[in-house]
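To start, the structure under review is shown below, and the notes come after it.
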Amino acid sequence: MRICCGLRITAPDAKCKLFSSNYQVALRYYVSSCRAVLLPRFGGPEVLQVRSNVEVPDLKPKEVLVRARAVSINPLDTRMRSGYGRSIFEPLLPLILGRDISGEVVALGSSVKSLSIGQEVFGALHPTAVRGTYTDYAILSEDEVTPKPMSLTHVEASAVPFAALTAWRALKSTARISEGQRILVVGGGGAVGFSAIQIAVATGCHVATTCGTESIERILAAGAQQAVDYVNEEVELTIKGKFDAVLDTIGVAETERMGVNFLKRGGYYMTLQGEAASLADRYGLTLGLPAATAVLLKKQIQYRYSRGIEYSWTYMRADLDGLIEIRNLCEGGKMNIPVDKTFPITQVREAHEAKDKKIITGKVVLEFD
Ligand SMILES: NC(=O)c1ccc[n+]([C@@H]2O[C@H](COP(=O)([O-])OP(=O)(O)OC[C@H]3O[C@@H](n4cnc5c(N)ncnc54)[C@H](OP(=O)(O)O)[C@@H]3O)[C@@H](O)[C@H]2O)c1
């Protein structure tokens, strides 16, 4: 074992290769251990532990090792910490939380062709990844990262991928939105909702949304035609006409009823609050997943026959083409997610507490030194 760049590196002959160009010498290495935030059990922010010497597994052929510069906090992180998805994750504890990342590539799996060492990248892990991004060195597959938008800092870039890919999948893969359509985003003030608005506007759609008072100006500036304050206005009276697609980021009974009522025949209702994980947590995987399938199918059939609309639970999924389009939107000034506050990674508990207690409602990013 030897120490290099402050990292513990083992088996240097097997894992390190030195290579040079005319102007630089780069050290290509695999890191064997590093700092990470571990979740040893479910609970409040106090269960999170910043540990050094957490093992970094060897890369599989299509994986890349990314040195984290910034990772953002998504609602999934705080929910997972509290036990959401325990039917899947409990046997896999301790976990590393975190989906989003912006950083630099430091090592490549043997078959990775599209990325190079030293490249600045951003991306997101899929929702069920066990080794997340709250670590100095995160492992993602080649199709989960792409070069970071040059116009964004690492902090800004880390706020985008998970939320924007969730919106992308709903609007582009499920509803296949196109120019001229009318799209309603329920909850346009949040990261997924605001991403959806920007994707729909860039597609040439007419967008209406519900949001808090403080989000209205930002949403209209992003190109939405109507932003209705869900606290102070009568949403159902203020929004007029029917829509081709509704993305419901809130997904409670009331917003579902409203969203469905606003759809044209042939339209798509998509909720982010699918019940697969919660039913699996309640009844166990063996009973919960078939129960979730039954609930989903019942609603799909009911809505198709009663109203002629398509109903779906939508989930984030890695999509390299989508991520590249999202990067292009960022580069073109058509996509951003405002960052409310940053914390150093060592203050991850304070950051989670601020989200749990809704002291900070906007995006929070954890920075690495
Ligand atoms: N299924 C998936 O794969 C997936 C992926 C990502 C996220 N999600 C889920 O989707 C939800 C949103 O995620 P996010 O990252 O966008 O969260 P976020 O950035 O924290 O956004 C939440 C926003 O919702 C708005 N809001 C709350 N109640 C509302 C209401 N009744 N009507 C309209 N807007 C309301 C608030 O906006 P204002 O500030 O304007 O009041 C708040 O900022 C979370 O529950 C998350 O767990 C699911």
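V130 fulfils the conditions (1) away from the ligand (no atom under 16 Å from the Cβ); (2) in contact with an Asp or Glu (Cβ under 6 Å, 6 or more places away or on another chain) except for a single criterion, (2). Please work out if L165 is touching a Gly at 6+ places or on another chain (Cβ under 7 Å) and either more than 9 Å from the ligand (Cβ to nearest atom) or of a type outside the set (D, E, K, R) (or both). Yes; evaluated as a whole, the condition is true for this residue.
Counting only residues that are crowded, with 24+ Cβ neighbours inside 10 Å and touching a helix residue (DSSP H, G or I) at 6+ places or on another chain (Cβ under 6 Å), region 74-97 holds 2 of them.
Counting only residues that are within 17 Å of the chain's Cα centre (by Cα) and within 16 Å of the ligand (Cβ to nearest atom), region 71-105 holds 18 of them. When G109, G43, G123 are checked against the criterion of being touching a residue at least 12 places away in the same chain (Cβ under 8 Å) and surrounded by 20 or more Cβ atoms within 10 Å (Cβ to Cβ), G123 stands alone in meeting it. Selection of region 191-214 for residues being surrounded by 23 or more Cβ atoms within 10 Å (Cβ to Cβ) and more than 16 Å from I326 (Cα to Cα) yields C205, V207, A208, T209, T210, C211.
Selection of region 182-206 for residues being farther than 16 Å from P338 by Cα, in a helix (DSSP H, G or I) and touching a residue at least 60 places away in the same chain (Cβ under 8 Å) yields V201, A202. Restricted to region 14-60, and to residues there that are in contact with an Asp or Glu (Cβ under 8 Å, 6 or more places away or on another chain) and among the aromatic types (F, W, Y), the residue that is modelled with the lowest pLDDT is Y30. Apart from one condition, A227 fits all of (1) surrounded by fewer than 19 Cβ atoms within 10 Å (Cβ to Cβ); (2) over 23 Å from the mean Cα position of the chain (by Cα); the exception is (1). Of the numbered criteria (1) surrounded by fewer than 24 Cβ atoms within 10 Å (Cβ to Cβ); (2) near the ligand (Cβ under 7 Å from one of its atoms), the one E217 fails is (2).
The values are calculated or read from the model by the stated rules, or taken from the named source; none is laboratory data. Values in this document were obtained by computation on a predicted structure and should not be read as measured data. Here the Cβ is made from the backbone with ideal geometry for all residues, glycine too, and neighbour counts use every protein chain on show.
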